[in-house]
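Novice: Just dropping this structure here.
The values are calculated or read from the model by the stated rules, or taken from the named source; none is laboratory data. Because the structure is predicted, anything quoted here is derived from the model rather than measured. Here the Cβ positions follow ideal geometry from the backbone for every residue, glycine too, while neighbour counts run over all protein chains shown. Accessible surface areas use protein heavy atoms only, side chains included; no ligands, DNA or RNA. Shrake-Rupley method; radii C 1.70, N 1.55, O 1.52, S 1.80 Å.
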Amino acid sequence: MARTLRVGLIGYRFMGRAHSNAWRQAPRFFNLKANVELHTLCGRNAANVQAARLQLGWQHAATDWHEVVESPLIDIVDIVTPTNWHAEMAIAAARNGKHVLCEKPLALNLKQAEAMHAAAHKARVVHMVCHNYRRIPAIALAKRMIGEGALGRIYHFHARYAQDRLADPEFPLDWRLQKETSGAGVHSDINSHVIDLGRYLVGEFTEVCGLLNTFIPERPLADAPGPQRGGARKMGKVTVPDSALFLGRMENGVLANVEATRYALGRKNHIEIEINGSKGSIYFDFEDMNKLKFYNGDDPKDRRGFREILVTERDGVQPYVANWWPPGHGIGYEHTFVHVAADFVNACVEGKPVQPTFDDGLKNQRVLAAVEESSAKGKWVKL
């Protein structure tokens, strides 16, 4: 009989819903090497976590995360809390022999990331940071094409992660806008994704020159009432960057241009990647995630141009697609988390690393920290 891996999930809101769906669906669409049991869902509010447990399909609910990481019944601890909780929870889980899946960014800062990395390796557990965008079929196909030499020598990596979530100055202060809970705001929250994609697709960053910025330094407090007669609405200080960009040098002389912003009106979750090489170019936009555009410099001169590849071919033709629908029937955001869960379960059974590991999370954290240092000092910083 196949073994059963019992999962404990800490957090139940946006990412909790995405991860719950992934754990539930992975064994239904992938031939996993173990069964998956949604054992315990954990959150601080007893009533809310109980309601989420019923809706999301978990067997038990808890309000103390220590119960999850210390339970002998749980094999995998999945951490989807705000960033300030990642290090303490992941280190405790590893010390208790649990395999650990942790949302990005790995930690608040480099010191915490190093401690998490050390604890996971010392415990010899399987560890993974959830950069789910690596598992978009089009991105996985781009990785394959680059590895096969379709682009030749790589010259440029250009990436922009753009949303409009903060464009309204009345958007309230939340944990992502506070240093003590998010680390570096939009820089660590979404810039970490494109940094990871750059490392995955092209190679390591060797030097960066960055600019971190805060457009709106104060925002309304989420729990404060609107302006009253004779008074103003209570405001709170934004203590992290709400926009970020940097230039970089990468391995083999590749030049990088990376930006993250939540002030791009009309952009909801726009992840734009363009990679230019000596033989061709690749372009990807997450808002059209089932397609990859490819320019082949070897095409005849009279018919050159970006061709659109619909990444929905099954039977092993394109990555991950075989487990879903017939050609032309696209997949969505939630499927990337299913791919993460499936790969993680199999790695746990095999006792093998599954990328991106905490090693990758630590390397991403070093890039984040170098950009912060560069912005503060106004100079290039080597990694």
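Novice: Residues in region 288-307 that are surrounded by 12 or more Cβ atoms within 10 Å (Cβ to Cβ) and not aliphatic (A, V, I, L, M): how many?
Specialist: Total meeting the criteria: 12.
Novice: Quick one: how many residues across region 308-336 are loosely packed, with under 11 Cβ neighbours inside 10 Å and either under 20 Å from the mean Cα position of the chain (by Cα) or of a type in the set (A, V, I, L, M) (or both)?
Specialist: Within region 308-336, residues that are loosely packed, with under 11 Cβ neighbours inside 10 Å and either under 20 Å from the mean Cα position of the chain (by Cα) or of a type in the set (A, V, I, L, M) (or both) number 1.
Novice: In region 335-343, is there at least one residue being in contact with a strand residue (DSSP E or B) (Cβ under 9 Å, 6 or more places away or on another chain) and over 30 Å from Arg6 (Cα atoms)? Before the answer, list the steps.
Specialist: To start, the set of residues in region 335-343 that are in contact with a strand residue (DSSP E or B) (Cβ under 9 Å, 6 or more places away or on another chain) comprises 337, 340-341, 343.
From the residues that got through so far, the ones that are over 30 Å from Arg6 (Cα atoms) too are none.
Within region 335-343 (the criterion being in contact with a strand residue (DSSP E or B) (Cβ under 9 Å, 6 or more places away or on another chain) and over 30 Å from Arg6 (Cα atoms)), the answer is no, since none of the residues qualifies.
Novice: Just to be sure I understand, how many residues within region 136-153 are surrounded by 23 or more Cβ atoms within 10 Å (Cβ to Cβ) and farther than 9 Å from Leu201 by Cα?
Specialist: Result for region 136-153: 4.
Novice: How many of the residues in region 328-355 are in contact with a helix residue (DSSP H, G or I) (Cβ under 6 Å, 6 or more places away or on another chain) and either without any contact (Cβ under 8 Å) to a residue 40 or more places away in the chain or within 20 Å of Arg124 (Cβ to Cβ) (or both)?
Specialist: 1
Novice: Residues in region 270-287 that are under 17 Å from Ile139 (Cβ atoms) and loosely packed, with under 14 Cβ neighbours inside 10 Å: how many?
Specialist: Here the count works out to 1.
Novice: Restricting attention to region 50-88, which residues are in contact (Cβ under 8 Å) with a residue 60 or more places away in the chain and open to solvent by less than 10 Å² (accessible area, probe 1.4 Å)?
Specialist: Val68, Val69, Ile74, Ile76, Val77, Asp78, Ile79, Thr83 - these are the residues of region 50-88 that are in contact (Cβ under 8 Å) with a residue 60 or more places away in the chain and open to solvent by less than 10 Å² (accessible area, probe 1.4 Å).
Novice: Now for a different question. Between residues in region 268-287 that are more than 24 Å from Arg165 (Cα to Cα) and residues that are among the polar types (S, T, N, Q) and part of a strand (DSSP E or B), which pairs lie under 8 Å by C-beta distance while being six or more apart or on different chains?
Specialist: Filtered contacts from region 268-287: Ile275/Ser281; Lys279/Asn296; Gly280/Asn296.
Novice: So, one more: Here's a check for you: in region 311-327, which residue that is in contact with a helix residue (DSSP H, G or I) (Cβ under 9 Å, 6 or more places away or on another chain) and of a type in the set (A, V, I, L, M) is farthest from Asp78 (Cα to Cα)?
Specialist: Val311
Novice: Let me ask something additional. Scan region 337-383 residue by residue and report those that are open to solvent by less than 10 Å² (accessible area, probe 1.4 Å) and either basic (Lys, Arg) or touching a Cys at 6+ places or on another chain (Cβ under 7 Å) (or both).
Specialist: Residues satisfying the conditions are Val340, Ser374.
Novice: Have a look at Gly203, Gly231 and point out the one that is out of contact with any Pro (no Cβ under 6 Å at 6 or more places or on another chain) and at pLDDT below 95.
Specialist: Working: Gly203 fails: at pLDDT below 95.
On inspection, the qualifying residue turns out to be Gly231.
Novice: I'm trying to understand the selection: among the residues of region 21-49, which are aromatic (Phe, Trp, Tyr) and either open to solvent by less than 40 Å² (accessible area, probe 1.4 Å) or farther than 16 Å from Tyr320 by Cβ (or both)? Walk me through how you get there before you give the answer.
Specialist: Step one: list which residues in region 21-49 are aromatic (Phe, Trp, Tyr), which gives 23, 29-30.
Result: Trp23, Phe30.
Novice: If the Cβ limit is 7 Å and pairs must be 6+ apart or interchain, which residue in region 18-32 that is more than 8 Å from Phe337 (Cα to Cα) pairs with which residue that is among the small types (Gly, Ala, Ser) and open to solvent by 10 Å² or more (accessible area, probe 1.4 Å)?
Specialist: Going by the 7 Å Cβ cut-off, the qualifying pairs are Ser20/Gly57; Arg24/Gly57.
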